[in-house]
Every structure is written in C-alpha cells, then in structure tokens.
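Working notes for the structure below.
The values are calculated or read from the model by the stated rules, or taken from the named source; none is laboratory data. The structure presented is a predicted model; accordingly, all values stated were derived computationally and were not measured. Cβ atoms come from the backbone with ideal geometry, glycine included; neighbour counts cover every protein chain shown.
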Amino acid sequence: MKKKWKVAMSRSQVGFNLYHLNIPKIVGQLELFSGYVLQTNPDGFQDASFRLQAKASSVNTRNQERDSKLCSPEFLDVGNHPDIVFVSNRIVQIDPAHYIIKGNLSITGISKFASLTAHLGITANDQNGPTKIVFEITGQLLSTDYGMRWYEETPEGTQTWSHVVSLHMFLELLPEEPFE
C-alpha cells in the first residue's frame with residue numbers, strides 16, 4: 001500500500017542562511033521547487049522515500065547583485081547545473097514526530113551524502129480540503145563540498161563568507177494518491 005504526498009509550493013518554503021563577516025546572516029530562499037513523499041507504511045514515514053528538486057536560478061536573497069553572483073559559474077553555476085536535488089535513500093524514525101532523512105544532495109553537478117532532521121506535524125481535514133502533512137526540515141552543508149569556494153577576505157584577513165550553509169524548509173504536502 002502506497003500514498004503519494006506532493007509538496008504544495010505555494011504553502012511551503014525552502015530556505016538557507018549563512019554568515020557574512022561572521023556577524024549578520026544572509027537569508028535566502030529557492031523560489032521554484034517541487035517534491036514528494038512516497039509513503040509505503042500507513043502507520044508512519046520510516047519506510048518512505050522523499051525527493052525535492054529546486055531550480056538553482058530561483059535563488060532569492062533580496063539583493064539582485066548578490067543573487068546574480070550566487071547564480072554565476074563561481075557558485076551555483078546555473079547555466080550548467082540548473083537543478084538542486086535531494087533524494088532520500090533511508091528515513092529513520094526517532095519518535096512519532098521526528099525523523100532523520102538520509103540521502104544524496106546534488107548541487108553544481110556534485111552529489112554528496114546528506115543527513116537532514118525532520119519534524120512532522122499532521123493536520124486533519126480542514127476547511128480547505130483534504131488531510132495535509134507538514135514537515136519542518138533542517139540541515140547543514142559545506143559549500144566547499146559542492147565546488148563553491150569564495151575566499152574573499154577583509155584587509156585584516158578575516159574571511160568574509162562562511163562555508164557552512166544552514167538549510168531550513170517548511171514543506172506542506174497534500175495527498176496526490178490514496179493508499180492502494
């Protein structure tokens with residue numbers, strides 16, 4: 001028995017942040033994305049599969065000059081690698097509301113193992129329609145693992161950008177198919 005849950009893009013967010021000059025955060029989003037969870041066990045998501053795909057060119061940090069630089073060959077290289085993709089290969093249930101999602105994250109044509117933490121909230125039928133599920137997913141990656149290297153320094157020798165990128169997603173999923 002399977003049930004497919006589709007990400008409702010208009011009610012979801014795929015965000016990231018990193019530090020600039022070790023003080024303020026640069027906060028951004030990927031505006032165009034799609035994804036699904038294929039649930040194989042009606043009692044939970046421990047045997048499910050998860051896929052999320054985002055258009056790298058849809059990066060938005062609310063600064064057009066910075067967004068253009070992030071899309072350039074020096075960073076996301078959207079001309080050659082238009083998509084950022086995460087595909088799970090194992091989901092481990094920690095307790096009824098918490099999961100570890102293990103899989104492969106592909107950015108700039110480089111695929112690396114990634115482990116994400118997910119908190120599940122379930123909402124029953126509401127005035128807007130069918131049952132929905134909401135996942136809050138967090139994780140971190142090193143930009144250098146994906147070929148993104150920026151070594152700008154201040155005159156004092158301080159690195160201007162952190163290589164640690166924090167991921168934070170709120171994904172609302174709606175049922176696409178009932179259990180078979």
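Of the residues Gly44, Gly79, only one is of a type in the set (Gly, Ala, Ser) and touching a helix residue (DSSP H, G or I) at 6+ places or on another chain (Cβ under 9 Å); which?
Answer to the selection: Gly79.
Hey, could you check region 1-33 for residues that are surrounded by 14 or more Cβ atoms within 10 Å (Cβ to Cβ) and among the hydroxyl-bearing types (Ser, Thr, Tyr) and say which is nearest to Phe135 (Cα to Cα)?
Only one residue fits best here, namely Ser12.
Take region 61-81 and flag every residue that is in a loop (DSSP other than H, G, I, E, B) and of a type in the set (Ser, Thr, Tyr).
Across region 61-81, the qualifying residues are Thr61, Ser72.
How many of the residues making up region 133-169 are over 17 Å from Leu76 (Cβ atoms), of a type in the set (Ser, Thr, Tyr) and either in contact with a Gly (Cβ under 6 Å, 6 or more places away or on another chain) or modelled with pLDDT of 80 or more (or both)?
1
Could you tell me whether Asp47 is acidic (Asp, Glu) and over 29 Å from Gln159 (Cα atoms)?
Criteria met by Asp47.
In this structure, does Ile84 turn out to be loosely packed, with under 14 Cβ neighbours inside 10 Å and part of a strand (DSSP E or B)?
In short, no.
Considering only region 10-49, state which residues are part of a strand (DSSP E or B), modelled with pLDDT of 95 or more and among the hydroxyl-bearing types (Ser, Thr, Tyr).
Scanning region 10-49 gives Ser34, Tyr36, Ser49.
Scan region 45-64 and tell me whether some residue there is without any contact (Cβ under 8 Å) to a residue 24 or more places away in the chain and not charged (D, E, K, R).
Within region 45-64, one or more residues are without any contact (Cβ under 8 Å) to a residue 24 or more places away in the chain and not charged (D, E, K, R).
I'd like the residue in region 87-132 that is among the β-branched types (Val, Ile, Thr) and part of a loop (DSSP other than H, G, I, E, B) and, out of all such residues, is modelled with the lowest pLDDT.
Thr131
Has region 73-87 got at least one residue that is under 18 Å from Val134 (Cα atoms), hydrophobic (A, V, I, L, M, F, W, C) and touching a residue at least 60 places away in the same chain (Cβ under 8 Å)?
no
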